[in-house]
Amino acid sequence: MENRLELHNVSKVFGEVQALEDIDFHLGRNEVVGLLGDNGAGKSTMIKIVTGYHQPTSGEIYFDGQKVEHLTVPLARQLGVETVYQERALADLQSLWRNIFLGRELTNQYGFLDVKKMKQETHSLMTQSMGFTSSAVNPDSKVGTFSGGERQGVAIVRALYFDADIIILDEPTMGLSLKETQKLLNFVRGIRDAGKSAIFIDHNIFHVYAVADRVVVIDRGRVAGEFMTKEISLDNLMEKMIRIAETGSFD
């Protein structure tokens, strides 16, 4: 079965700066891939290419085995790509149901907003996917009252609800407490359980290792290596990350 996403020899040049060089990357179906690397390694540039924000200078992009030319942000979303950013792009003063359906509101047969249906759907998502059990939280609750982990969960569940096939998590644990981080990691596992795929970018190797099926290391704009987490210990992976940061090589 073909991969959900493939990058073949993708490079990106900004003026005289080579941000990416001959990147080969793939994301399988029902897979969580961790993307690791220091600041400036090229992770953000690669993700901006996948989401259509940047055009590659050279190379090819494939979704579900089909080559895509001139990928744009709307086209990437149409192809099932959704990004959950570290700043948790939610409207704090709006209710939970409004945040879930923001920009993609459900309407009835007459073209009016179907508020009742949106609240019902939100309640189902809360109990089945988000794990909200407290009676104090309901579809009308303001998102600004939620914890960081809960807000990240809302963003992930929103992406799943709208049939995202590839969910990109950009530093999702930043600023979260230990307890909230564990909740967030459970949401990430839920992406795989839902039959979807994810690219998980995080500075914290412990978080990535805990949920990723495979880890890809980016260094100085190139893929330095990739490892199946079941085939490498966390200590060994950490040693390799330190070595690549110091020397530019795993050897």
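The values are calculated or read from the model by the stated rules, or taken from the named source; none is laboratory data. Source: prediction; values computed, not measured. Neighbour counts run over all protein chains shown; Cβ positions are idealised from the backbone, glycine included.
Observations
- Breaking point among (1) touching a helix residue (DSSP H, G or I) at 6+ places or on another chain (Cβ under 9 Å); (2) free of Cβ contacts under 8 Å to residues at least 40 places away in the same chain; (3) in a strand (DSSP E or B), for Ala210: (3)
- From the options Arg243, Arg222, residue that is surrounded by 14 or more Cβ atoms within 10 Å (Cβ to Cβ), touching a Leu at 6+ places or on another chain (Cβ under 9 Å) and of a type outside the set (Ser, Thr, Tyr): Arg222
- The number of residues in segment 1-26 being in a loop (DSSP other than H, G, I, E, B) and over 16 Å from the mean Cα position of the chain (by Cα) comes to 5.
- Any chance Leu113 is hydrophobic (A, V, I, L, M, F, W, C) and more than 21 Å from the chain's Cα centre (by Cα): yes
- Residues (of a type in the set (D, E, K, R) and over 21 Å from Ile23 (Cα atoms)) located in segment 203-230: Lys230
- Matching residues in segment 64-89 - criterion: being touching a residue at least 24 places away in the same chain (Cβ under 8 Å) and either in a loop (DSSP other than H, G, I, E, B) or within 12 Å of Leu20 (Cβ to Cβ) (or both): Asp64, Gly65, Leu79, Gly80, Tyr85, Gln86, Arg88, Ala89
- Residue list for segment 1-22, restricted to those being in contact with a helix residue (DSSP H, G or I) (Cβ under 6 Å, 6 or more places away or on another chain), aliphatic (A, V, I, L, M) and closer than 14 Å to Ile61 by Cβ: Leu20
- Meets criteria (in contact with a Lys or Arg (Cβ under 9 Å, 6 or more places away or on another chain), surrounded by 21 or more Cβ atoms within 10 Å (Cβ to Cβ) and of a type outside the set (Gly, Ala, Ser)) for Val188: no
- The test for being touching a Leu at 6+ places or on another chain (Cβ under 9 Å), among the β-branched types (Val, Ile, Thr) and within 22 Å of Gln128 (Cβ to Cβ) holds for Val211.
- Tally, over segment 97-113, of residues that are touching a helix residue (DSSP H, G or I) at 6+ places or on another chain (Cβ under 6 Å) and either among the β-branched types (Val, Ile, Thr) or assigned to a helix (DSSP H, G or I) (or both): 3
- Ile61 falls short of the stated requirement of being closer than 20 Å to Val10 by Cα and either in a helix (DSSP H, G or I) or touching a Cys at 6+ places or on another chain (Cβ under 8 Å) (or both).
- The residues of segment 98-124 that are touching a residue at least 24 places away in the same chain (Cβ under 8 Å) and among the β-branched types (Val, Ile, Thr), listed by number, are Ile100, Thr122.
- Unique residue being assigned by TED's automatic domain parsing to the domain that holds Leu169 and within 30 Å of Gln120 (Cα to Cα) when the list is Thr57, Thr83: Thr83
- Meets criteria (in a loop (DSSP other than H, G, I, E, B), farther than 25 Å from Leu176 by Cβ, of a type in the set (D, E, K, R) and modelled with pLDDT under 90) for Arg29: no
- Identity of the residue in segment 213-243, of a type in the set (Val, Ile, Thr) and part of a helix (DSSP H, G or I), that ends up farthest from the chain's Cα centre (by Cα): Ile242
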